[in-house]
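Read the structure below first, then the notes.
Readers should treat all values here as calculations from the given coordinates under stated rules, not as data from a laboratory. Given the structure is predicted, the values throughout are model-derived calculations rather than measurements. For neighbour counting, all protein chains shown are included, and Cβ atoms are generated from backbone atoms with ideal geometry for every residue, glycine included.
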Amino acid sequence: MEEILRTIPHRPPFLFIDEIVSIHEDGASCKRTIRAEEPQFDGHYPGNPIMPGVLLCESCFQTGAIYLAKQIEKKGKSLNEVTPVLSRISDARFKQMVRPGDEITIEVTLKETVSRFFFMKGKVLKGGKPALTIEFALAMVEGASA
């Protein structure tokens with residue numbers, strides 16, 4: 001968890017990854033266990049808790065931010081100099097529900113880079129099968145005026 005906190009600016013209760021599994025040449029993989037005591041389940045839905053799809057998407061964005069931060073680190077730049085900012089979401093498809101107690105694997109792959117925009121493909125797997133597929137873009141914004 002400490003490595004995650006050193007790598008991206010997200011913090012609980014808006015941190016949706018528990019563990020960095022791997023960082024590879026063109027992407028990253030993380031894991032998360034969904035816990036019943038998380039605040040979103042108070043209203044989504046009482047008595048039938050389902051992880052909100054938008055938060056599954058966010059787990060992909062955070063995994064993508066970890067991948068990009070590690071790439072920046074390799075170039076000798078400080079992680080404090082840039083902030084990952086979501087700039088595009090497309091083709092989000094929800095394939096199965098995620099509930100408390102489920103462990104998910106989040107996989108993100110870099111498709112292309114255009115200027116400071118990083119176009120990525122992500123998926124959330126539950127039991128080895130897709131729960132979400134999505135395409136998105138992150139911008140790494142430099143400076144305090146991000």
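Observations on the structure shown:
- Sorted by Cβ neighbour density within 10 Å, fewest at the top, the residues 54, 141: 54, 141
- Exposure proxy order (Cβ contacts within 10 Å, fewest to most) of 98, 85: 85, 98
- Among 129, 77, the ranking by other beta carbons within 10 Å of each residue's beta carbon, starting with the fewest, stands as 129, 77.
- Each Cα pair under 8 Å and six or more residues apart adds its sequence gap; the mean of these over the residue count of the chain is a relative contact order of 26 percent.
- Two-site label geometry, residue 18 and residue 94: point separation in nm, points 7 Å out along Cα→Cβ: 2.2 nm
- Comparing 105, 63, 33 in a Gaussian network model of the chain where C-alpha atoms under 10 Å apart are linked, the largest mean-square fluctuation is found at 33.
- Count of Lys pairs (Cα-Cα under 20 Å; at least 8 positions apart or interchain) in the chain: 18
- Distance between the 7 Å Cα→Cβ label points at residue 116 and residue 11: 2.4 nm.
- Reported label for calculated Rg and Dmax of the Cα atoms in Å given [x] 18.6, 64; [y] 21.2, 69; [z] 15.0, 49: [z]
- Degrees, to the nearest 10: 53-74 long Cα axis against longest axis of the chain: 30 degrees
- Choice from 124, 21, 114 with maximal GNM fluctuation in the chain (Cα, 10 Å cutoff): 114
- For the chain, adding -39500 (n - 2.57) for each run of n ≥ 4 DSSP H residues and dividing by the number of residues yields -6000 deg cm²/dmol at 222 nm.
- Note on the chain: GNM, Cα springs under 10 Å; of 49, 130, 84, the largest mean-square fluctuation is that of 49.
- Annotation for segment 1-82: GluC sites (Glu not before Pro) lying in DSSP loop with at most 15 further Cβ atoms inside 10 Å of their Cβ are 25, 37.
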